[in-house]
Amino acid sequence: MTTYPPPAADPVHATLDQGLHQLAALGGDLPAHANAIGTILWSPPRVVIVGRLKAGKSTLVNALIGAPVAETAALEATNVVTVYQDGAPSRAEVVGVDGRRHAVAIHHHQPSRLPVETLDIAFVDRWLPSSALRGLTLIDTPGLSTLTVANDAATRRVTIDGFEQTRGASIDADAAVFLFDAVPRTDEIEFLSQLPFTPLNTLGVLSRADSFGEGALGRRDPLVHAHEHAARMATQLSETVNTVVPISGLMAQTSHTGMMTEHLAGALARLRPLAPLEVIRVLDSDELAGDEPAGDDVLPLALRVQLLELLGEYGVLNGRHVAPHGAAALNSWLTEHSGIGELQRALTSSTARFAVLHRAHRILARLDQLAFSHPARERIRSLAAQLRASPALHLVAVLEDYQRMLRIDPRAEVTEDLRAVLLASSPAGRVGLPDHASTHEIAAEAHRRLGHAQRRTLATSSAAEDAALVTLIRTYTALTITG
Ligand SMILES: Nc1nc2c(ncn2[C@@H]2O[C@H](COP(=O)(O)OP(=O)(O)O)[C@@H](O)[C@H]2O)c(=O)[nH]1
Ligand SMILES: [Mg+2]
């Protein structure tokens, strides 16, 4: 992951920074508030990873960070939201539901005991030096488990399965990565619709691509099959996610955390002469059962277990042909086939772009909140209004209107128009024209749209639509001015 436009060069950042300075200048306790809100501005956008228990969230987080830090099955006991951010030294703090912070010592090769009972933990803040985290903060969540449990189990579900925790973590996030295998269930889609995101900042991930369909021994290559399926799901889920990327988090984790060694590659190479079914038999063989061929004759049990854990059946079966070329070659093969590159591209391009806008929205929302409760409410309110009206923050205002309209009427014409403005990569795109359209054509189309939007203000059906039309009128007015 790369870093975003250097803050100083980014007009959204500069305008908000200036606004916070104005807030601080109002005196009293406002400098402290400005500082607190400023930490949002100076931190990377936050991406929350959501999905059912065992969907592969923590595995993917490890792959993205490039270090095996997130809990995996072995440490599943700690069912807590964890916020991973760049920082040194490597350390953690447990934040209790009472708001108190407790430092946790980090031991390598040994899970650290948390100083607070899981039920009393709001989340864990985890810092580690990682260039991958410089651009995005990642939030791992415990996951949504069976949401269809009976009513009397509701409390259990909330506390044990992380439903409520995940929701809480999402409030402070700017984008979501939604992991599912095969087909997401209705309750998962419903849960996503309750989060404060739009399809623009929700990235779908078809996880466990290496075991998709009939799996490693099936008639079709599971990765190819998963690609096709992901494309279908992207269309089907277009009201929830902006795209669906298939991924083998396991293969990505192994290749990105330095777990592949020459010793393991050498061990894997020894499976090369065997037929696929024999390989599986060797992997599954258990000495006590006296299976033929005895696994131990080919590879000691510890190595077999390790290979299977690090590569999965698909990785073992297909990676064994690459293994004779060495660990580096095998690592490249894993990276390439894992799908992690495509996922990183989707994250840094589109998802992160909208996450940056969403972070600006969160800052404005904090100002609104402050205006609500602070004695200087009038001046804070006018500052927020001034910021929303500034050209640099125009797209943030468009995003806020789009979010409101999505909830009220996702299929309305204004909702579509706002979406087009947000997605456009050029002034022409904002009025639905191809990028190469001339300034004259853009102005003419903007003029036409302006008239249409003005007529629509006469018969709106909600306050949200009123506000959205005002924003669209501003957008089109700016585009009618040529040269
Ligand atoms: N075959 C395969 N297994 C995976 C993949 N991702 C995760 N797993 C395994 O699935 C189990 C649960 O993964 P984990 O990341 O802890 O899921 P979480 O509950 O969503 O955080 C672990 O045993 C992982 O090794 C994958 O892409 N392929
Ligand atoms: Mg997990």
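The values are calculated or read from the model by the stated rules, or taken from the named source; none is laboratory data. Bear in mind the structure is a predicted one, so any value in this text is a computation, not a measurement. Cβ atoms come from the backbone with ideal geometry, glycine included; neighbour counts cover every protein chain shown.
Some values worked out for this structure:
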| read-out | value |
| --- | --- |
| Residue in segment 433-441 that is under 25 Å from the mean Cα position of the chain (by Cα) and either surrounded by 21 or more Cβ atoms within 10 Å (Cβ to Cβ) or not assigned by TED's automatic domain parsing to the domain that holds F191 (or both) present | no |
| Single condition Q85 does not satisfy, out of (1) within 16 Å of ligand 1 (Cβ to nearest atom); (2) modelled with pLDDT of 90 or more; (3) not in a helix (DSSP H, G or I) | (1) |
| Failed item, numbered, when V245 is tested on (1) within 20 Å of L330 (Cα to Cα); (2) modelled with pLDDT of 95 or more | (1) |
| Whichever residue in segment 41-59 is closer than 20 Å to T202 by Cβ and more than 16 Å from ligand 2 (Cβ to nearest atom) and, among such residues, is farthest from the chain's Cα centre (by Cα) | P44 |
| Any hit, segment 407-422, residues being of a type in the set (K, R) and touching a Phe, Trp or Tyr at 6+ places or on another chain (Cβ under 7 Å) | yes |
| Residue match in segment 234-242 (condition: surrounded by 15 or more Cβ atoms within 10 Å (Cβ to Cβ), assigned by TED's automatic domain parsing to the domain that holds N201, in a helix (DSSP H, G or I) and more than 16 Å from ligand 1 (Cβ to nearest atom)) | yes |
| Residue list for segment 20-69, filter: within 14 Å of ligand 1 (Cβ to nearest atom) and in a strand (DSSP E or B) | V48, I49, V50, G51, R52 |
| Residues within segment 297-346 that are aliphatic (A, V, I, L, M) and either closer than 25 Å to T243 by Cβ or touching a Cys at 6+ places or on another chain (Cβ under 9 Å) (or both), tallied | 4 |
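So that you can scan it fast, the table gives a plain yes or no per residue for (1) surrounded by fewer than 21 Cβ atoms within 10 Å (Cβ to Cβ); (2) in contact (Cβ under 8 Å) with a residue 40 or more places away in the chain:
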| site | (1), (2) |
| --- | --- |
| A323 | no, yes |
| S349 | yes, no |
| A360 | no, yes |
| D368 | yes, no |
| Q386 | yes, yes |
| P391 | yes, yes |
| A397 | no, yes |
| Q403 | yes, yes |
| I408 | yes, yes |
